[in-house]
Amino acid sequence: LQAIALEPPANLGNAAGELNGQPADFESLMPMVLLNAEVKTFGKTVTEGEGCLSFPEVAADVARPLSVRVKAQILDGSTIQFEADGLLSRAIQHELDHTKGILFIDRATPETRAELDPSIRHLARP
């Protein structure tokens with residue numbers, strides 16, 4: 001079982017889809033848990049700032065595809081299918097990376113990563 005939990009801030013960007021044959025209101029689905037999600041990325045690659053609760057006060061520009069197509073089970077047992085752009089797309093990709101042991105800093109350029117290293121080492125100190 002693979003689970004992705006999402007609760008991005010308001011203003012999810014462009015998100016469109018259906019839930020049980022009806023237009024989905026993504027704001028009302030938050031927090032969202034996607035089980036065994038099948039995620040396909042598409043669209044141009046966009047570089048934007050990203051952060052993570054795993055690294056408080058650390059942020060980096062990360063390049064990711066603009067859009068995702070998702071098919072997943074949600075907690076009530078139903079299946080949801082949707083396409084999303086913007087923040088929701090980025091959050092889904094970010095959380096899916098976590099399930100693969102990938103952190104947003106792993107996707108930063110080598111130069112950006114080198115700039116972040118002192119901040120990351122500071123977080124690791126007891």
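Numbers for the structure displayed
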read-out	value
Segment 43-65, residues that are open to solvent by 60 Å² or more (accessible area, probe 1.4 Å), in contact with a strand residue (DSSP E or B) (Cβ under 9 Å, 6 or more places away or on another chain) and on the phi < 0 side of the Ramachandran plot	Lys44, Thr45, Thr47, Glu48, Ala59, Asp61
Residue in segment 97-115 that is within 20 Å of the chain's Cα centre (by Cα) and of a type in the set (Asp, Glu) present	yes
Count - residues of segment 68-83 that are in a strand (DSSP E or B), more than 11 Å from the chain's Cα centre (by Cα) and touching a residue at least 24 places away in the same chain (Cβ under 8 Å)	9
Residue within segment 19-36 that is part of a strand (DSSP E or B) and within 21 Å of Ile105 (Cβ to Cβ) present	no
Failed condition for Arg113, given (1) touching a Leu at 6+ places or on another chain (Cβ under 8 Å); (2) outside any strand (DSSP E or B); (3) farther than 15 Å from Ala5 by Cα	(1)
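Table: residues versus (1) closer than 17 Å to Leu29 by Cα; (2) at pLDDT 90 or above; (3) exposed (fewer than 12 other Cβ atoms within 10 Å of the Cβ).
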position: Ser67; (1), (2), (3): no, yes, no
position: Gly77; (1), (2), (3): yes, yes, yes
position: Ile80; (1), (2), (3): yes, no, no
position: Glu83; (1), (2), (3): yes, no, no
position: Glu95; (1), (2), (3): yes, yes, no
position: Arg107; (1), (2), (3): no, yes, no
position: Pro110; (1), (2), (3): no, yes, yes
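The values are calculated or read from the model by the stated rules, or taken from the named source; none is laboratory data. Just so you know, these numbers come straight off a predicted model, no measurement behind them. With ideal geometry, Cβ positions are generated from the backbone for all residues, glycine too; neighbour counts draw on all protein chains shown. These accessible areas exclude ligands, DNA and RNA; they are computed on the full protein's heavy atoms, side chains included. Shrake-Rupley method; radii C 1.70, N 1.55, O 1.52, S 1.80 Å.
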